[in-house]
Amino acid sequence: MSDYLDPNNEELLKDFYAEANSQVEMLEQNILAIEDNPDDHDAIDEIFRAAHTLKGGAATVQMSELAEFTHLVEDLLDEIRSNNIKVNELVVDTLLASIDIIKEMLKVRMEGSIFDGDISELKSKLAGIVSGQFTSSSRAAVDMSEEKKPASTKAVISSQDPSALTEYDLLELKEAAAGKTVVQVRVVFDENNPMNSVGGIQVYAKLKTLGQVLKTIPDFDELYEDKYFPVVQYFIVSEKSSEIIEESSFIAEVTSSVEAQNLDVQKPSDTVKETVVVKEVPPPAVRETIKTAEKPVSSKSTPVNVEKEILKTQTTVKAKQKDSSGSILRVDSKRIDNLLNLVSEAVINKATFNQISNQFLDIQSELQSTENIYREKLKSLFDDLPRYLEEIQKDSSVKEVKKEITDKYEDLFNIFDAFESNFKQTVGTFKSTAANLGRNTGDLHEAILRIRMVPINQIFSRFPRLVRDLSKSLNKKIRLNIDGEDTELDKSVIEELLDPLMHCVRNSLDHGIENPDVRLAAGKPEEGQIFLKASNEGNMIVIEIADDGAGIDMVSVKKKAIDRGIIHPTKNLSDVEAYNLIFEPGFSTAKEVTNISGRGVGLDVVRKEIEKLNGTVTVHSSPGKGSRFTIKLPLTLAIIQGLLVRVGTEVYAIPITSVIESHRIKPEDIKIIDNHEVFNVREDVISLVRLNRLFRLETEERGDYNFIVIVGSGDKKMGVMVDSLIGEEDVVIKPLKDRYTNSPGIAGATILGDGTVSLIIDVSQLLDLCIQKEQASRLRRSQNY
Amino acid sequence: MKTTSDFPSINERVPEGVTNDGKPIRVMIVDDSMFVTKQISQILSSEGFDIVATAADGAEGVEKYKELYPEVDLVTMDITMPRMDGVTALEKIIEFDKNANVVMVSALGKQDLVKKSLMLGAKNYIVKPLDRKKVLERVLSSIK
């Protein structure tokens, strides 16, 4: 094993996984890009680069299974890049399946074991496409290569094989050959052979008797494992002619074809232009013997069907994403620099404060000494007074005495002046430093939040694949348009956002976009569009998921809501309100349950999850034109802006994002409708809830004025009556212990500047609470009739 | 069966187990299963091979090989056997005679051991269940 890279180096591995995951993501994105536009050379180059980096990284951390597999993928990519292979559906499918395997390999490695699924089918598929002889199954690929005339096979060798060798490999071979001719033997193995995984070693053993085997592709270790490789290349130094080598490495029923040719070591292949990938390489000959001697005999577990494997990968997408994003946060180094800058400012501030505290000490001692002088002088004045009196009695003029006193005690008047000016100056510095510190803390706070901010692309990037796969399985043609993927969001929010977003997108795919024939009949283009857009709106981030599908069938929504008792039949709903009924629990308009969106959990789950993030979700729709889900979220979970209000002796914080406006009203403005307190704001009638009654606080309800904070979540509004408004402040949310979290209407707590604890109001819960009450009382009344 | 004419009949097959100079190929079968031994023996004898010895385990196989050497041209070696397994026996035989022609007989699923044997110097392998054509092919290919 290499001695300069410890494969167990945690740090290195972490870096590798983080990098590998981003490479995989890039691969996937660009593969989807070339599916749309096969001539997108930038994307192809990007894919090639990503695969190459991945391979290099895998080799560095000695993840040979990944390096070897990526190598195969790279072969195919190289052919695509040099326009030898056209990008078609089969190629894209195979590449995507390969990405899934790579993901799986990474995941398995991260869990501490080694991927041992059977990927021979995919491998031969890859090899089959590369050799340009692909038919529908891997078996066919091998059969065909068997039938191929030597001449054409040769052509394949010369066009394809050099790309399998990096410049470094060539160099390595050249060195090991020490001037002798290297023969490249390309052997195609028969897959029908019951022990088709043995062939590679069998030929190796044969070749070993003819000369020195320098290198094999795949690696010797790979050959030794229980895997079937349709094609293996051997590089040997031998005195024998290539004919003899061909003849002796042909094994009946094991090999389908054998091609041997001299390898021109001098001229590195010109198809490989990338930088050299540094790999762990003891001299090959040594390596081979060591491995032969030491390689423990291991039996592999039963092969797993690739298809199943892929399916599994897809269904476990969620779990995996959690893994892959892990606890590693990639931060732009500029942000760290900025943070460092701010911290250094804070350090300077601290130094200034130290200085100020020293100054205060100096001033204090100055004050003491001045005080002492003052006292002494005062004392001597008192002592002198009788003498002065005597002198006046002795007929000295008062004026003279006064002059004497003034001369002696004049400085009593300004004895504190020096102290005072020093003190003033120091207080001035203190104030400005405190202001600096305030600003600095604010910046620091923001900078730290910025560090936690990651572009929403982290989750958006998963959607192209999802949409592609789903639209295929639904037989719909759908194009996904992503916008604003650079919009940044707190990492914790992003992690929680994936599921609801996925749900919405699936919903649009499944229920929104119509089948192509329906679309055509409606005069729409066959291809449906889904828009995924993120943008900033003040302190909020807005995510929109729109489609140009059929829209929401409002009539059936209303009917269903009435059927389920969600709304009263006579209730007059605005369109917006009607659409948002779909977020109610137990609501699902899909006529049949599909495995894509209708799994018994409706959009109410989406709303719950979004509200957990202090966000809101609404839907708008126009029949025949499509629907649009809008999710609004605070940028961060940890800190919110709150409106502090007082109720009795308690201070509550209302998230400013849910505050619409506030009013000061007189008690007589409150009207009663249906036993409910309401008041008019412009044209609207807003129902009121008294926070003191809701939270059972004992307070005086009389006062000249009442303060009403109008809060809203989604499209619901209500007025919260409080005793007074205190003001706006940033509040840090601290979760409440389990015992208290059950109190509805409370989202958490915060500690205010003066140390008192204030509860944070959960507006959406509060609204639900009041609506439930309202419904309950309405129900009671209707029963009484 | 020897041909009487200098020009063999086109219908008459020359038995596979006989060298060009007419000598039968001498085979030793090492296998703990009587059934397999019998099967191999039947297949090979029918083609003119001469079964000179059989052994029921690796140790016995090695012993007999040394005893008969150089009067054995080929050994079929089962991999899983009591006392001494086939791979070890192969190793010992190769150690004793590096040109020994040993063909491994293996059940499916022992790919790793087959690979190991091939690296150690086994000439070929046969996969159980035995198939007449394959046995002959592999045995012959290992003698050439």
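The values are calculated or read from the model by the stated rules, or taken from the named source; none is laboratory data. Please read these numbers as outputs of a predicted model, since none were measured by experiment. So basically every Cβ, Gly included, is an ideal-geometry build from the backbone, and we count neighbours across all protein chains shown.
Filtering the stretch B:102-117 down to residues that are crowded, with 18+ Cβ neighbours inside 10 Å and touching a strand residue (DSSP E or B) at 6+ places or on another chain (Cβ under 7 Å), which residue is nearest to the other protein chains (Cβ to nearest Cβ)? Among those that are crowded, with 18+ Cβ neighbours inside 10 Å and touching a strand residue (DSSP E or B) at 6+ places or on another chain (Cβ under 7 Å), it is B:V114. Total residues in the stretch A:36-57 satisfying the condition of being over 17 Å from A:M105 (Cβ atoms) and part of a helix (DSSP H, G or I): the figure is 10. Scanning the stretch A:81-98 for residues that are of a type in the set (A, V, I, L, M) and surrounded by fewer than 21 Cβ atoms within 10 Å (Cβ to Cβ) returns A:I85, A:V87, A:L90, A:V92, A:L96, A:A97. Within the stretch A:472-487, the set of residues being surrounded by fewer than 20 Cβ atoms within 10 Å (Cβ to Cβ) and touching a residue at least 24 places away in the same chain (Cβ under 8 Å) comprises A:S473, A:L474, A:N475, A:K477, A:R479, A:N481, A:I482, A:D483, A:G484, A:E485, A:D486, A:T487. Looking only at the stretch A:242-260, residues that are of a type in the set (G, A, S), assigned to a helix (DSSP H, G or I) and within 11 Å of another protein chain (Cβ to nearest Cβ) come to 1 in all. Residue check: A:N338 meets all listed conditions (1) at pLDDT below 90; (2) over 30 Å from A:D443 (Cα atoms); (3) in a helix (DSSP H, G or I) but one, namely (2).
If the condition is being free of Cβ contacts under 8 Å to residues at least 24 places away in the same chain and within 11 Å of another protein chain (Cβ to nearest Cβ), then the stretch A:210-230 contributes only A:L223. The residue of the stretch A:172-191 that is nearest to the other protein chains (Cβ to nearest Cβ), among those that are of a type outside the set (K, R) and without any contact (Cβ under 8 Å) to a residue 60 or more places away in the chain, is A:A178.
Of the strands (runs of 3 or more DSSP E) lying entirely inside the stretch A:463-577, those carrying at least 3 residues that are modelled with pLDDT of 85 or more and of a type outside the set (S, T, Y) are A:478-483, A:528-537, A:540-547. Enumerate the helices (runs of 4 or more DSSP H) found wholly within the stretch B:58-144, keeping only those where 3 or more residues are among the β-branched types (V, I, T). Those helices (runs of 4 or more DSSP H) span B:86-96, B:132-143. Checked against (1) more than 15 Å from the chain's Cα centre (by Cα); (2) in a helix (DSSP H, G or I), A:N414 meets all criteria but (2).
When you go through (1) more than 11 Å from every other protein chain (Cβ to nearest Cβ); (2) part of a loop (DSSP other than H, G, I, E, B) one by one for B:A53, which number turns out not to apply? If we test B:A53 against (1) more than 11 Å from every other protein chain (Cβ to nearest Cβ); (2) part of a loop (DSSP other than H, G, I, E, B), just (2) comes out false. Each residue in the stretch A:657-677 was checked for being aliphatic (A, V, I, L, M) and surrounded by 17 or more Cβ atoms within 10 Å (Cβ to Cβ), and 3 pass.
A:A351 satisfies every condition listed in (1) buried (at least 16 other Cβ atoms within 10 Å of the Cβ); (2) modelled with pLDDT of 85 or more; (3) under 30 Å from A:K334 (Cα atoms) except (1). Consider the stretch B:118-144 and keep the residues that are under 14 Å from the mean Cα position of the chain (by Cα) and either closer than 21 Å to A:K227 by Cβ or among the hydroxyl-bearing types (S, T, Y) (or both). The one that is farthest from the other protein chains (Cβ to nearest Cβ) is B:S142.
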